[in-house]
């Protein structure tokens, strides 16, 4: 009788354990089903944030006044959706060399207007940031040997339009830390005394880059194309007196996420 009672006890215990196991299984399944969408949502949000940071860095490394849409629309305080549009810009040439505990830019573009001379070519001399660094700059800066254009800036310069006009550009023939020789830009050939309205600053331009905002987002440089994101829902751009506001929205499996960021204003 005692053995039979023990078997009954064992059967009851096993039954209870089975019920507990089934309940626990359902609970774990519910937890898993609830946790998986949260994980996917976090992953989607992090991916979107990473893409926006990439775009922000690209635009921070661009000459901000050169930002132009292929549709010729102007950026304003009202957010403009760039979906199915292309944003064109010139990247900055940011090469620097280290001298001791500080670094010096290879190209800064500020020149002395009194040194500008026009004969068969145009020549000018740059302002010297650090006289003792001239030899090191000429020896180490690879930018001086690149194929570049110089963009001259007048008092009535209109950005971004004039960045893409040949009138103010000159092909650089020789460049070093102290001077530049170039072709003569059209405005100096056709407008008498136009150099009187020149600002003592030139931009160094390579090839323009582009951001294509379609169903995907891609960056096109002079030699490569980079896919930055898929499932692009929208990308809004607006600007105010302080800078540029970015807003990226992506849509993955009917889950829309929007993230905003800001770039401080850069002037001519």
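State all residues of the range 211-252 that are outside any strand (DSSP E or B) and either within 17 Å of residue 62 (Cβ to Cβ) or free of Cβ contacts under 8 Å to residues at least 40 places away in the same chain (or both); if no residue qualifies, say none.
Of all residues in the range 211-252, those outside any strand (DSSP E or B) come to 214-216, 221-224, 230-231, 240-242.
The answer is 215, 216, 221, 222, 223, 224, 230, 231, 241, 242.
Between 124, 107, which is closer than 24 Å to residue 183 by Cα, more than 19 Å from the chain's Cα centre (by Cα) and in a loop (DSSP other than H, G, I, E, B)? Please lay out each step first, then the result.
Numbers: 124 fails: in a loop (DSSP other than H, G, I, E, B).
Exactly one residue qualifies, and that residue is 107.
Scanning the range 64-86 for residues that are in contact (Cβ under 8 Å) with a residue 24 or more places away in the chain, in a loop (DSSP other than H, G, I, E, B) and either in contact with a helix residue (DSSP H, G or I) (Cβ under 7 Å, 6 or more places away or on another chain) or more than 20 Å from residue 207 (Cβ to Cβ) (or both) yields 75, 76, 77, 78, 79, 82, 83, 84. For residue 169, are the conditions met, namely being within 25 Å of residue 86 (Cα to Cα), modelled with pLDDT under 95 and in the same structural domain as residue 138 (by TED's automatic domain parsing)? The answer is no for residue 169. Selection of the range 142-167 for residues being over 25 Å from the mean Cα position of the chain (by Cα) and under 15 Å from residue 65 (Cα atoms) yields 154, 155, 156.
Within the range 161-174, the set of residues being buried (at least 19 other Cβ atoms within 10 Å of the Cβ) and free of Cβ contacts under 8 Å to residues at least 40 places away in the same chain comprises 162, 168, 169, 172.
Would you mind stating whether residue 239 is touching a helix residue (DSSP H, G or I) at 6+ places or on another chain (Cβ under 8 Å) and at pLDDT below 95?
Values: touching a helix residue (DSSP H, G or I) at 6+ places or on another chain (Cβ under 8 Å): no; at pLDDT below 95: yes.
The answer is no for residue 239.
Checked across the range 120-127, the condition of being loosely packed, with under 15 Cβ neighbours inside 10 Å and at pLDDT below 95 holds for at least one residue.
Right, residue 206: over 20 Å from residue 76 (Cα atoms), surrounded by 15 or more Cβ atoms within 10 Å (Cβ to Cβ) and within 14 Å of the chain's Cα centre (by Cα) or not?
Values: over 20 Å from residue 76 (Cα atoms): yes; surrounded by 15 or more Cβ atoms within 10 Å (Cβ to Cβ): yes; within 14 Å of the chain's Cα centre (by Cα): no.
Criteria not met by residue 206.
Checking each residue in the range 164-186 for being out of contact with any helix residue (DSSP H, G or I) (no Cβ under 7 Å at 6 or more places or on another chain) and assigned to a strand (DSSP E or B) picks out 169, 170, 171, 172, 173, 174, 179, 180, 181, 182.
Here residue 257 clears all of (1) touching a helix residue (DSSP H, G or I) at 6+ places or on another chain (Cβ under 8 Å); (2) at pLDDT below 95; (3) closer than 30 Å to residue 129 by Cβ; (4) part of a strand (DSSP E or B) except the condition numbered (3). Every condition in (1) modelled with pLDDT under 90; (2) exposed (fewer than 14 other Cβ atoms within 10 Å of the Cβ); (3) closer than 30 Å to residue 244 by Cβ is met by residue 44 except one, and the failing one is (2). The sole residue among 62, 6, 27, 74 that is over 19 Å from residue 249 (Cα atoms), in contact with a strand residue (DSSP E or B) (Cβ under 6 Å, 6 or more places away or on another chain) and either modelled with pLDDT of 60 or more or assigned by TED's automatic domain parsing to the domain that holds residue 244 (or both) is 62.
The values are calculated or read from the model by the stated rules, or taken from the named source; none is laboratory data. These figures come from a predicted structure and were not determined experimentally. Glycine also receives a Cβ, built like all others from the backbone with ideal geometry; neighbour counts cover every protein chain displayed.
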